[in-house]
Ligand SMILES: N[C@@H](CCC(=O)N[C@@H](CS)C(=O)NCC(=O)O)C(=O)O
């Protein structure tokens, strides 16, 4: 089942993430996967931090009318992710930032909401292309003998009917590469998230953020021994300290340059510029207080109480950038984790707090 047991497959009880299987790219010179408007599709979960990266990038790059989106139900059961029944969702909504699922700054009451609920445009969407019931159907269509996990995100090619790529770090590079620029919304500032001159700095931050923050929270939450848990959770907080330090230095520089009032809106991990490093950090930090503190036992502190600079950075990202806010569903985030991991939360009760899910700007 898609719970801690199958993930935590090493002898010492530590969590090992599987390597993604589909690793193609899209470019004008690629023999098969050439750029095109309406040719590619994203299959995502609004709960999943890896899929969240791809949704944000799609909006930032002005590609909402170029690449459609289908959203799986927030509940993941023993067969993995599933879609809402076919016909329960209009195809026009697929071209909205979160495929028409409302993303509000506060999660709603979940009393009475069950893992079986099929509220159209609330719990998820159908598979708009094939009407498949399960994400696994797409994997089997692409590769009938597929044997690994059925993960989101998937970047799907509607022309050859296969998966181009199911590794989020590569999907965001494809979307950023410029191959879709000619189709992008002309109102969008074609921001390069990995400018050449910052590439090595971005890679350096990405690498430890991935190990100790993005994946660190999972290694802490899915640990199957006290020793492994303590090692991983300590690593998470040591690296939050490191982020706090970087952001404090950047904040001071921004105060000197722009004054106290404008400094927060210039607060990023590298210089005063939004880059892929911010984008890859955000999905984990926005889930931290609402879910990871209690569900993954990352409770040495909350972000809001213990990390003033990270919290300021988070609020800047959320409130000042609609690409981040419009793709963040606190409902999907809270419901998914608390109700899909019976080994961690057997009664599947979703905690009400923290309130609010994110502090105001
Ligand atoms: N390496 C993948 C990891 C994606 C991943 O682990 N997705 C999780 C959801 S957060 C998933 O779909 N898991 C399905 C399962 O475990 O069966 C990526 O970054 O794209």
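The values are calculated or read from the model by the stated rules, or taken from the named source; none is laboratory data. Here the structure is a predicted model, which means the values were calculated and not measured. As a convention, Cβ positions derive from the backbone with ideal geometry for all residues, glycine included, and neighbour counts pool all protein chains shown.
Taking into account only those residues within the stretch 68-89 that are away from the ligand (no atom under 16 Å from the Cβ) and part of a loop (DSSP other than H, G, I, E, B), which is nearest to residue 346 (Cα to Cα)? Full working, then the answer.
First pass over the stretch 68-89, keeping only residues away from the ligand (no atom under 16 Å from the Cβ): 68, 84-89.
Restricting the remaining residues to those that are part of a loop (DSSP other than H, G, I, E, B) gives 84-89.
Working: 84: 24, 85: 27, 86: 30, 87: 33, 88: 30, 89: 31 Å.
Step by step, filter the stretch 68-89, then rank; the result is 84.
Being more than 18 Å from residue 157 (Cβ to Cβ), within 11 Å of the ligand (Cβ to nearest atom) and either under 17 Å from the mean Cα position of the chain (by Cα) or crowded, with 16+ Cβ neighbours inside 10 Å (or both), is that true of even one residue in the stretch 99-110? Quick ask: steps written out before the conclusion?
Initial filter on the stretch 99-110 (more than 18 Å from residue 157 (Cβ to Cβ)): 99-110.
From what's left, within 11 Å of the ligand (Cβ to nearest atom): none.
No, the stretch 99-110 contains no residue that is more than 18 Å from residue 157 (Cβ to Cβ), within 11 Å of the ligand (Cβ to nearest atom) and either under 17 Å from the mean Cα position of the chain (by Cα) or crowded, with 16+ Cβ neighbours inside 10 Å (or both).
Among the residues of the stretch 90-99, write down those that are modelled with pLDDT of 95 or more and in a loop (DSSP other than H, G, I, E, B).
From the stretch 90-99, those modelled with pLDDT of 95 or more are 94-99; that's our starting set.
Answer for the stretch 90-99, where residues must be modelled with pLDDT of 95 or more and in a loop (DSSP other than H, G, I, E, B): 96, 97, 98, 99.
Among the residues of the stretch 1-33 satisfying the criterion of being within 24 Å of the chain's Cα centre (by Cα), in a loop (DSSP other than H, G, I, E, B) and at pLDDT below 80, which is surrounded by the most Cβ atoms within 10 Å (Cβ to Cβ)?
Residue satisfying both the conditions and the ranking: 8.
Determine whether the stretch 140-149 contains at least one residue that is within 23 Å of the chain's Cα centre (by Cα), closer than 19 Å to residue 51 by Cα and crowded, with 20+ Cβ neighbours inside 10 Å.
No - not one qualifying residue is present in the stretch 140-149.
What pairs can you find where one residue is in the stretch 1-27 and under 22 Å from residue 143 (Cα atoms), the other is surrounded by fewer than 16 Cβ atoms within 10 Å (Cβ to Cβ) and modelled with pLDDT of 90 or more, and their Cβ atoms are less than 6 Å apart, with a gap of 6+ or different chains?
1/78; 18/148; 21/148
Given 217, 179, 209, which one is crowded, with 17+ Cβ neighbours inside 10 Å and under 30 Å from residue 31 (Cβ atoms)? Step through it out loud before you land on a result.
On the way: 217 fails: under 30 Å from residue 31 (Cβ atoms); 209 fails: under 30 Å from residue 31 (Cβ atoms).
The conditions single out 179.
Just to check your reading of the model, which residue among 281, 240, 300, 247 is in contact with a helix residue (DSSP H, G or I) (Cβ under 8 Å, 6 or more places away or on another chain), closer than 30 Å to residue 15 by Cβ, touching a residue at least 40 places away in the same chain (Cβ under 8 Å) and not in a helix (DSSP H, G or I)?
On the way: 281 fails: not in a helix (DSSP H, G or I); 240 fails: not in a helix (DSSP H, G or I); 247 fails: not in a helix (DSSP H, G or I).
From the options 281, 240, 300, 247, the qualifying one is 300.
One line per residue, one yes/no per condition, for (1) within 16 Å of the ligand (Cβ to nearest atom); (2) touching a strand residue (DSSP E or B) at 6+ places or on another chain (Cβ under 9 Å); (3) at pLDDT below 95:
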| position | (1), (2), (3) |
| --- | --- |
| 163 | yes, yes, no |
| 167 | yes, yes, no |
| 202 | no, yes, no |
| 208 | no, no, no |
| 218 | yes, no, no |
| 221 | yes, no, no |
| 228 | no, no, no |
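Residues in the stretch 205-217: is at least one more than 21 Å from the chain's Cα centre (by Cα) and assigned to a loop (DSSP other than H, G, I, E, B)? Let's see the steps before the verdict.
Taking the stretch 205-217 as the starting set, the residues that turn out to be more than 21 Å from the chain's Cα centre (by Cα) are none.
Looking for residues that are more than 21 Å from the chain's Cα centre (by Cα) and assigned to a loop (DSSP other than H, G, I, E, B), one finds none in the stretch 205-217, hence no.
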